[in-house]
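Notes to accompany the following structure.
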Amino acid sequence: MTSIYRKIKDKAKEHIPKDWFTEIRISYRILIETFKGIYQTGLANILIITTMAAILTIFGWIFRITLSTSGIVSEMGSVLQISAYLKPNADVNATTRQIREFEHVKGTDFISREQAWVELKREIEMPDVQNPLPDTIRVKVDKPENIDGVLEELKKVETIEDTSYAKDLVQKFQTFNHIIHTATLFVVVISCILTITVISNTIGLVIRSRKDEIEIMQLMGVNDWYIKFPFVLQGAIYGFVGALLAVIPVNILEGYLIKLHAFFIIPIQTWTQPLTIFSVLFLGIAFSAGASYLSIKKHLEV
């Protein structure tokens, strides 16, 4: 019975990597070295993490506001309509079918000249004159930037006498959307620069404070990645903790944005908040780790 047990035990050992325990010890030592660097940074850790949280909060706010304003502008722009005035005795059904085949046309509504006249007299007092209004087809366009293209197509329709739309309002929507996107890009660039600067300087100080210890490890033939990785991990931890703190004010902002969407009667998109949180975490971790690596290349010769 004992011999059978030994055979089974020996057979099982053949499938166990011989160096698995060594890998665990190396991973453990890397974590120890990482937290050792954080400990040596001292109270400056609070300043670093607070600064990271502030940078990522500003980024998260701007990014989240951009997503909401883009959605609002898109929805409000899509309700803008082109009024296509038909010629007398025009075939309404044929014209409507032709318009609906145009690219970027979201829908159409027909307003008869009689209906338009009744609505106009209801809004303002009109003299007893003959109805001068034409039959009208209101054309809904999917996005404000596509209105000009649809307008050009409508002008080619023979049964349409004239067209009109709120051009100034459309241009304001487009300008506002452009400003928001430009501001977001600017904030992203500034956030990245600040993140790289803060983390790079911090890791540089840690490397200088442990210069003698690192030189001893190099003389002992310690692998380069074993020396580098704790510093990269330290930077990533700063970014992760700062991002977690930044998520709190970003979630507070979400409540106000929900009220803003409700005011405009525009439903809020459910994917925007998870995307914002993911972006804040990704920016915090990725750029902090990258800044650490750049600092290693600058201050550490391995």
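Structural remarks
- Number of the exception - TYR28 against (1) at pLDDT below 85; (2) under 30 Å from LEU185 (Cβ atoms): (2)
- Candidates in segment 194-234 are the residues that are of a type outside the set (Val, Ile, Thr) and under 16 Å from ILE46 (Cβ atoms); of these, the one that is modelled with the lowest pLDDT is LEU205.
- Conditions (1) over 33 Å from the mean Cα position of the chain (by Cα); (2) over 16 Å from THR163 (Cβ atoms); (3) assigned to a helix (DSSP H, G or I): number failed by ASN131: (3)
- With respect to being assigned to a loop (DSSP other than H, G, I, E, B), of a type in the set (Phe, Trp, Tyr) and surrounded by 15 or more Cβ atoms within 10 Å (Cβ to Cβ), PHE63 falls outside the description.
- Test for THR195: is it under 15 Å from ALA236 (Cα atoms), crowded, with 18+ Cβ neighbours inside 10 Å and within 25 Å of the chain's Cα centre (by Cα): yes
- Cβ-Cβ under 7 Å pairs, at least 6 apart or on other chains, segment 259-278 side without any contact (Cβ under 8 Å) to a residue 24 or more places away in the chain, far side in a helix (DSSP H, G or I): PRO267/HIS261
- PRO88 vs. criteria in a loop (DSSP other than H, G, I, E, B), over 33 Å from the mean Cα position of the chain (by Cα) and surrounded by 15 or more Cβ atoms within 10 Å (Cβ to Cβ): no
Conditions (1) touching a residue at least 12 places away in the same chain (Cβ under 8 Å); (2) hydroxyl-bearing (Ser, Thr, Tyr); (3) closer than 30 Å to GLY149 by Cβ, marked per residue:
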| position | (1), (2), (3) |
| --- | --- |
| ALA166 | yes, no, yes |
| GLN171 | no, no, yes |
| THR184 | yes, yes, yes |
| ILE207 | yes, no, no |
| MET217 | no, no, no |
| LEU245 | yes, no, no |
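- Selected residue [within 30 Å of HIS178 (Cα to Cα) and at pLDDT below 90] from LYS140, LYS121: LYS140
- Those residues of segment 246-263 which are under 20 Å from SER288 (Cα atoms) and surrounded by fewer than 17 Cβ atoms within 10 Å (Cβ to Cβ), in sequence order: ILE248
The values are calculated or read from the model by the stated rules, or taken from the named source; none is laboratory data. These numbers come from a predicted model, not from an experiment. Here Cβ is always computed from backbone atoms with ideal geometry, including for glycine, and neighbour counts include all displayed protein chains.
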